[in-house]
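The values are calculated or read from the model by the stated rules, or taken from the named source; none is laboratory data. Note that this is a predicted model, so its numbers are computed, not measured. We place every Cβ from the backbone using ideal geometry, glycine too, and count neighbours over all the protein chains shown.
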Amino acid sequence: MQIHVNGKAHDVAATTLAALLAELDYHDKLVATAVNQTFVRAADRLATPLKPGDAVEILVPRQGG
Amino acid sequence: MRDVPFKVYDTVLRSRLLLGTAQYPSPAVLAAAVKASGAEVVTVSLRREAGANRAGESFWTLIRELGVRVLPNTAGCRSVKEAVTTAEMAREVFATDWIKLEVIGDDDLLQPDVFGLVEAAEILVRAGFKVFPYTTEDLRVAERLIGAGCEVLMPWGAPIGSGRGLNNVFGLQALRKNFPTTPLIIDAGIGTPAHAAAAMELGYDAILLNTAVAKAGDPVTMARAFALGIEAGRLAYSADPILPRDMAEPSTPQIGRAFSDLPKRA
């Protein structure tokens, strides 16, 4: 199915947020996630289903002012 | 006069300089600048990772090795929803309930959207965050933010990254006078240590800056200069400066001056 990850279209096999992170090689990284602008806790990723058209944000620590 | 400790949300900080971590020429210079500044708090953000280089991971390792407290921001957020979601994401990743809350209302001046700011602050305080709101010097907005549960305010000196210093000294003085016990941190617009010292002499509690250090020709030396300027300004404030006068007043005693019996002018 097609979803958006960090603003870009992706065709993915994953049907949950946790599976998506593994599919995109984020599984061992420190990231924060949101689906359709709603925060999803790390503990809830396994139980968070994805559907076509979802907008997923995967964010990492970066420099800031 | 004995100075009072600088305390935000039950945390006492020795340094009155909070430093941003963006725009440095290299990670090594960033680390050296943080050390030279003496800052105990640095600001950080959450961003999409570009490519597979794991830059975020190495950055976070560097910050942890510095042993400083982090203040995550919601920089660039333009709505309450974006800011609240970003804050929630930051709390999990950075394992802190501190959040520098930015809700930007204007693309050219990066002026806070104070209406969205108050709304987001109310939501985040209810959710257990310790909110550091990036605001203006507006008194009514300050009152609303404090009413929402913010225990510190961060008014701008000037637009972010502008280096203009204190654009509205009168307004900042009024804010200080109206909220004498609330920790007030000047956030944004500072260009030189003189600007920072001037803010501290007004009685502001601390300075948060980034660009003025990171983009200086020698960021490490500038970090040290800011630390000294802020300390000098705070000492001056606590030492009760004299008030300006319109007329001169001789500092050397007039009594006993030679020729004092002669007429003043021929």
Inset, instruction - List the number of the failed condition for residue B:35; all other conditions in (1) more than 25 Å from residue B:201 (Cβ to Cβ); (2) surrounded by 19 or more Cβ atoms within 10 Å (Cβ to Cβ) hold. - result: (2)
Inset, instruction - Select from region B:195-232 the residues that are of a type in the set (Lys, Arg) and in a helix (DSSP H, G or I) and list them in ascending order. - result: B:224
Inset, instruction - Might you check whether a residue that is of a type in the set (Val, Ile, Thr), closer than 21 Å to residue B:72 by Cα and touching a Phe, Trp or Tyr at 6+ places or on another chain (Cβ under 9 Å) occurs anywhere in region A:34-52? - result: no
Inset, instruction - Take the residues in region A:1-20 that are assigned to a loop (DSSP other than H, G, I, E, B) and not aliphatic (A, V, I, L, M), then tell me which one is farthest from residue B:55 (Cα to Cα). - result: A:15
Legend entry - Residue within region B:74-83 that is surrounded by fewer than 22 Cβ atoms within 10 Å (Cβ to Cβ), under 21 Å from the mean Cα position of the chain (by Cα) and away from chain A (no Cβ under 14 Å) present: no
Legend entry - Qualifying strands (runs of 3 or more DSSP E) (wholly inside region A:21-65; at least 1 residues being within 7 Å of chain B (Cβ to nearest Cβ) and under 29 Å from residue B:28 (Cα atoms)): A:32-35, A:55-63
Inset, instruction - Scan region A:8-50 residue by residue and report those that are of a type outside the set (Ser, Thr, Tyr), in contact with a Ser or Thr (Cβ under 9 Å, 6 or more places away or on another chain), surrounded by 13 or more Cβ atoms within 10 Å (Cβ to Cβ) and farther than 27 Å from residue B:79 by Cβ. - result: A:18
Legend entry - Members of region B:190-218 that are charged (D, E, K, R) and within 17 Å of residue B:171 (Cα to Cα): B:201, B:205
Legend entry - Unique match (being away from every other protein chain (no Cβ under 12 Å) and of a type in the set (Asp, Glu)) among B:57, B:65: B:65
Legend entry - Test: residue B:244 is under 14 Å from residue B:201 (Cα atoms) and either at pLDDT below 95 or under 17 Å from the mean Cα position of the chain (by Cα) (or both): yes
